[in-house]
Each structure stands twice: as C-alpha cells, then as structure tokens.
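Trainee: My structure is below; once you've seen it, I'll send some questions.
The values are calculated or read from the model by the stated rules, or taken from the named source; none is laboratory data. Owing to the predicted nature of the structure, the values given are computational and were not obtained by experimental measurement. Please note: Cβ atoms are built from the backbone with ideal geometry, for glycine as well, and neighbour counts cover all protein chains shown. Only protein heavy atoms, including side chains, enter the accessible area calculation; ligands, DNA and RNA are left aside. Shrake-Rupley method; radii C 1.70, N 1.55, O 1.52, S 1.80 Å.
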Amino acid sequence: MPARDVFPSIMTRLKSGLPIAVFVVTIALVTSSVSIAGAREPFLCLDAHEDVLEKVVGRGDELDGFLARTQATIPNWRRGGIDAVWFAAWIDPWHAREDNTAAYAWELIRMFRWLERRHADDLKICDTAAGVRQAVAMGYVAALLGIEGGAALDSDPRLLRGFREAGVRYITLTWRGNVPWAGSCEPMHGEPEM
C-alpha cells in the first residue's frame, strides 16, 4: 500500500510545512504495513543522531537503563523498533580548547568501542550499510559513529585518516561557533561572522 494512502493526514500536514522528519520517522516505524515502489529490502529504523557518548563520559550514564538520565537506552531502542543508532562524538565548542579537542574526540571514540564490548549481546559496531543490515539481521542494534564539530580536528586535516580508520563515517564542519577553517551560522559570543 503506498505511503500516501496510509498517511493522508500527515501528507496534508507535510504540504502545509510540517518538518519532513516527522513523516520519515512515521514511515520507518510502520514499515511492516508500508511498501515503497522499487524498494528491494525492508526499511530499517535509524536514530540518526545520538549524543549519549558525551553523557556516558561526562556523567556516567549507561545504555542498559541503569543510571540512565537520558532517553537513549538499549531497552528504549528495542521497544521503539530502532535498528541502528548513529552515535555522535560531540565536541562542545563552549568548552573546547584548541589543544585538547582531538584528544577528547579520541576519548569518545574509545568510549564508543567500550560500549560495544560492554553491551556485546545488543550492540554491533558497523561502518557500512551492508554491515548494518547484517547486524540487524543477527538481532543487534547497529552502532555507527560520527563526529559533531570540526573542532575535533584541531585544525589538522591529517587527523581525518585516523578518525576514518577508527570507524568515523561523518564529521560536521561546525556545531556552534567558528573554527579557523569553517564558519558557523551561529558564531559564539565575540566571534566575527565568516
């Protein structure tokens, strides 16, 4: 059944300017009753941005629900039908100093790997679409890694290779605040617009 028949009120709202993410998430959550013409494989439901790494490092949160002060837990992902989670190694520009941002990014990457070992029955680190599909088919929540904030590079593009080899599959240029080589749409207090 086409999505336009399943979600007429959402389609109407979408045309009136509601964010498309609402529609995409809704489709992903009910894939058992929706087919898209030409789709070869079932849809997967992806949490496309999760800042939990910083919370685990900074506050000691846990993904199994124990001590969790966040909604991002394995039990919640399982209950919600989340197949894959894209973990963001977030570098807070308000606290970042040019001499320690790469080190903190590496700490978050180590935490990402530790979480997979700690939750070996639930999480599987993946760095390709095929790996995600395989992990989900085996009953895991697929875990992907990105870096939010180009400050993690400490203005050294040579670090990209190491991050790539460590499994990072995206890095944003900025979050909030400029870096020497990229301007943000929201400069921090006192920064010039680039």
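Trainee: For GLY190, only one of the following conditions fails: (1) open to solvent by 70 Å² or more (accessible area, probe 1.4 Å); (2) closer than 22 Å to THR73 by Cα; (3) among the small types (Gly, Ala, Ser). What is its number?
Mentor: With respect to (1) open to solvent by 70 Å² or more (accessible area, probe 1.4 Å); (2) closer than 22 Å to THR73 by Cα; (3) among the small types (Gly, Ala, Ser), GLY190 is out only on (2).
Trainee: Turning to a different aspect of this structure: Could you say which residue among LEU115, LEU160, LEU108, LEU123 is touching a Leu at 6+ places or on another chain (Cβ under 8 Å) and modelled with pLDDT of 95 or more?
Mentor: Result: LEU123 is the single residue among LEU115, LEU160, LEU108, LEU123 that is touching a Leu at 6+ places or on another chain (Cβ under 8 Å) and modelled with pLDDT of 95 or more.
Trainee: Then there's this: Give the number of residues within the stretch 146-187 that are open to solvent by 50 Å² or more (accessible area, probe 1.4 Å) and over 22 Å from THR128 (Cβ atoms).
Mentor: 10
Trainee: Residue by residue through the stretch 118-145, note down the ones that are of a type in the set (D, E, K, R) and open to solvent by less than 50 Å² (accessible area, probe 1.4 Å).
Mentor: Within the stretch 118-145, ASP122 is the sole residue that qualifies.
Trainee: Does ALA84 satisfy the criteria of being at pLDDT 85 or above and open to solvent by 40 Å² or more (accessible area, probe 1.4 Å)?
Mentor: Judged against the criteria, ALA84 is not a match.
Trainee: Then there's this: Are there any pairs with C-beta distances below 7 angstrom linking a residue in the stretch 151-173 that is more than 9 Å from ALA102 (Cβ to Cβ) to a residue that is surrounded by fewer than 13 Cβ atoms within 10 Å (Cβ to Cβ) and modelled with pLDDT under 95, with the two at least 6 apart or on different chains, and if so which?
Mentor: Listed pairs, sorted by first residue: SER155/PRO180; SER155/TRP181.
Trainee: Give the residues of the stretch 174-194 that are in contact with a Phe, Trp or Tyr (Cβ under 8 Å, 6 or more places away or on another chain) and either within 22 Å of GLU50 (Cα to Cα) or without any contact (Cβ under 8 Å) to a residue 12 or more places away in the chain (or both), sorted by residue number.
Mentor: Across the stretch 174-194, the qualifying residues are TRP175, ARG176, GLY177, SER184.
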